[in-house]
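Heads up: the structure comes next, in structure tokens.
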Amino acid sequence: MILRLGKDRPPVALVAPAALATVFLALPLVGLVARAPWRDLGDQLTSPEVASALRLSLLAATMSTVVSLLLGVPLAWVLARLRFPGRGVVRALVMLPLVLPPVVGGVALLLVLGRRGLVGQWLDGWLGMSLPFTTAGVVVAETFVAMPFLVISVEGALRAADRRFEDVAATLGASRWVAFRRVTLPLVGPGVVAGAVLCWARALGEFGATITFAGNLPGRTQTMPLAVYIALESDPEAAVVLSLLLVAVSVVILVGLRERWIGAV
């Protein structure tokens, strides 16, 4: 017997908590919109502090996404296509930044890449390169927390892709690299794009690892989330404007992913 729920009245025991959850999630956004300084919105958006934080955020998030693409797509292919001892451990390491508190990630980056860190001391001594409290440090921190979104998305796309096309390419004499570049990558293109967009959005909103590893230097490491945190004490209206801008970017990204790559239900 098949129940046709569409013709029945929806159960109150499910609808009521669902409505409560929706209100709970929407109320903070309503508060932002209600308290926004709409009359001064233009002046706030064009202020030097907001413009600097926005410019740095867009630059760092984009560079972080590029680095994640260069490193994360091959990593996703290895996890999806190769079987090797310790693959589960590698996948767990990829997932770790998703559940790790970002500030802990920032501390870990400092212990490894700081001037006295395991690797940072050699970078400083041999190359004169110091990553903490620099724009490059912002990119490193954002890449650490954002790359897993790309890897998971691309690995899922690779597992769902039909491998028969790769087998045909192999029978025609194509190497694994040629098959990946000419066949596999176009097949999983939507997954790569979706992962890159999620990676970019996560990098744009990163706070904990950035402030711990790169600091909060205006014009150098102060991204939009950090500017929101500082503005709450000195200029609450600027904090609201920056928050609205981040919310708007997030909504556009989620709607775009839903309509183009995930598919509307």
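The residues of segment 187-212 that are aromatic (Phe, Trp, Tyr) and either at pLDDT below 90 or in a helix (DSSP H, G or I) (or both) amount to a single one, Trp200. Residues in segment 68-98 that are of a type in the set (A, V, I, L, M, F, W, C) and farther than 20 Å from Val139 by Cα: Ala76, Trp77, Val78, Leu79, Ala80, Leu82, Phe84, Val89, Val90, Ala92. Take the residues of segment 1-59 that are surrounded by 13 or more Cβ atoms within 10 Å (Cβ to Cβ), at pLDDT 80 or above and hydroxyl-bearing (Ser, Thr, Tyr): which is farthest from Met224 (Cα to Cα)? It comes out as Ser52. Taking segment 160-211 as the range and being surrounded by 20 or more Cβ atoms within 10 Å (Cβ to Cβ) and among the hydroxyl-bearing types (Ser, Thr, Tyr) as the test, the residues that pass are Thr184, Thr210.
Looking only at segment 213-239, count every residue that is assigned to a helix (DSSP H, G or I) and either within 17 Å of Ala61 (Cα to Cα) or modelled with pLDDT under 85 (or both) and tell me the total. Of the residues in segment 213-239, 14 are assigned to a helix (DSSP H, G or I) and either within 17 Å of Ala61 (Cα to Cα) or modelled with pLDDT under 85 (or both).
The values are calculated or read from the model by the stated rules, or taken from the named source; none is laboratory data. Owing to the predicted nature of the structure, the values given are computational and were not obtained by experimental measurement. When we count neighbours, we look across all protein chains shown, and the Cβ atoms used for this are built from the backbone with ideal geometry, even at glycine.
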